[in-house]
Amino acid sequence: MMADDFTLGLVCSRGADPAQGGRKHNEDNYLICQDGLIRYRQGQTEKVLRKPGHGLLMAVADGMGGHRHGELASSAAVQALCRLYYRKAPRDPESALHAFLVRGHRKLREKAVTRQMGDIGTTLATCWIIDHWLYWAHVGDSRIYLLRGETITQLTRDHTRGEFARRDGRASPMKPKSLAQNFLFGSRGLGSDDDIRIDAGTDTGSQTLFVGDHLLLCSDGLSNFVPSHRIARAVWDAENPAACAQWLVDRAIAAGSDDNITVMILRVERSPHEPDMLTVW
């Protein structure tokens, strides 16, 4: 896998101006690990580290719990996750991501509680591409979409009260669209905060990638305000992923988003699974 196998676009935005009802601070964060470089947001700048690693690891994290706590939570999550990138390549990356979410949550929450910050939390949606195989996992309600041909598929299922009730065959609870769990904070009425529920094969997955495929990771500052069919149309019509990410952020703000907005778009340019002549844009 080479750097020019993919084109990546990213916007991590505070969102609408506070004068227009937006947030004063950006509690979102992101992670991009590729070609020995690790990138994530640190304060108002981007932190760049050099560490040899495996494949392309990326993530979006939406912090919550107020400015100080939310920003710390999302930053802690992506910095912990990046350690997977430069460890020994796992035999099963999907299982490695699953184990990270469960164990990483427990360890980081332990530290947060010790420091009397047990109310902090963050979503975490992550993709790891190794040899053009996609492995993904998530917790919370940030999303991962796969766009292939003229179809957009939401790979992740938002961790709402209603979602877990459907999985368990229970009656729909009050406020079914309310977030049921996140990374660090834990569950909300679903059990011990020391644990989170990550169902393998439902909250994790893997599949091959082909030329022309797009992956889109986003916080709910986008998905709550721009429906999936509009997201898909923007990706198909855009000149490049970077321009598309900015257009989607602007569209979400125009639609009334008062949240932080992070959009990460990856386009597959080359793949060993298809000849180069099939690349179309």
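The values are calculated or read from the model by the stated rules, or taken from the named source; none is laboratory data. Predicted, not measured: the structure shown is a model, and the values here were computed from it. Every residue, glycine among them, receives a Cβ derived from its backbone with ideal geometry; neighbour counts consider all protein chains shown. Each accessible area value is taken on the protein alone, full model and side chains, heavy atoms only, with ligands, DNA and RNA left out. Shrake-Rupley method; radii C 1.70, N 1.55, O 1.52, S 1.80 Å.
Applying 1/(1 + (r/R0)^6) with R0 = 51 Å to the Cβ-Cβ distance of K47 and R170 gives a FRET efficiency near 0.75. The residues packed around N29, meaning those with a beta-carbon under 9 Å from its beta-carbon, carry a net charge of -3 if Lys and Arg are +1 and Asp and Glu are -1. Could you check which residue among V263, V60, V226 shows the biggest mean-square fluctuation in a GNM of the chain with a 10 Å Cα cutoff? Evaluated over the chain, the most mobile residue of the options is V226.
Largest first and in whole Å, what are the equivalent-ellipsoid semi-axes of the chain based on the Cα gyration tensor, each being the root of 5 times an eigenvalue? Show your work: numbers first, answer last.
Working: eigenvalues 147, 96, 77 Å².
Result for the chain: semi-axes of 27, 22, 20 Å.
Here the contact order of the chain, divided by its residue count and restricted to Cα pairs under 8 Å and six or more residues apart, works out to 25 percent.
Using a 1.4 angstrom probe on heavy atoms only, work out the carbon and sulfur share of the accessible area of the stretch 169-258 in %. Carbon-and-sulfur percentage of accessible area, whole number: 50.
Taking 0.36 nm per residue of sequence separation and subtracting the Cα-Cα distance, how much length would be gained by fully extending the chain between A200 and R83, in nm to one decimal?
Numbers: separation 117, 0.36 × 117 = 42.12 nm, distance 2.13 nm.
Between A200 and R83, full extension yields 40.0 nm more.
With both labels modelled 7 Å from their Cα along Cα-to-Cβ, the T208 to R148 distance reads 1.0 nm.
Taken over the alpha carbons of the stretch 150-263 as equal point scatterers, the Debye sum produces base-10 log I(q)/I(0) values at 0.23 Å⁻¹ of -1.28.
Gain on full extension, evaluated as 0.36 nm per residue between M117 and A243 minus their Cα-Cα distance, stands at 41.6 nm.
Any idea what % of Cα-Cα pairs in the stretch 1-105 are farther than 20 Å? Write out the running numbers ahead of the final one.
Values: 2422 of 5460 pairs.
Tail of P(r) above 20 Å: 44 percent of Cα pairs.
A DSSP coil position with no more than 12 other Cβ atoms inside 10 Å describes the following trypsin sites (Lys or Arg not before Pro) in the stretch 78-122: R87, K88, R91, R115.
Once the other residues with Cβ under 9 Å from the Cβ of Y40 are scored (Lys, Arg +1; Asp, Glu -1), what is the net sum?
Summing Lys and Arg as +1 and Asp and Glu as -1 gives +2.
If we count every other residue with Cβ under 15 angstrom of W236's Cβ, Lys/Arg +1 and Asp/Glu -1, where does the sum land? Don't jump to the answer; show the numbers that get you there.
Details: positive: R148, R230, R233, R251, R267; negative: E150, D213, D237, E239.
Local net charge: +1.
The number of Lys pairs in the chain with C-alpha atoms less than 24 Å apart, excluding pairs fewer than 8 positions apart on the same chain, is 7.
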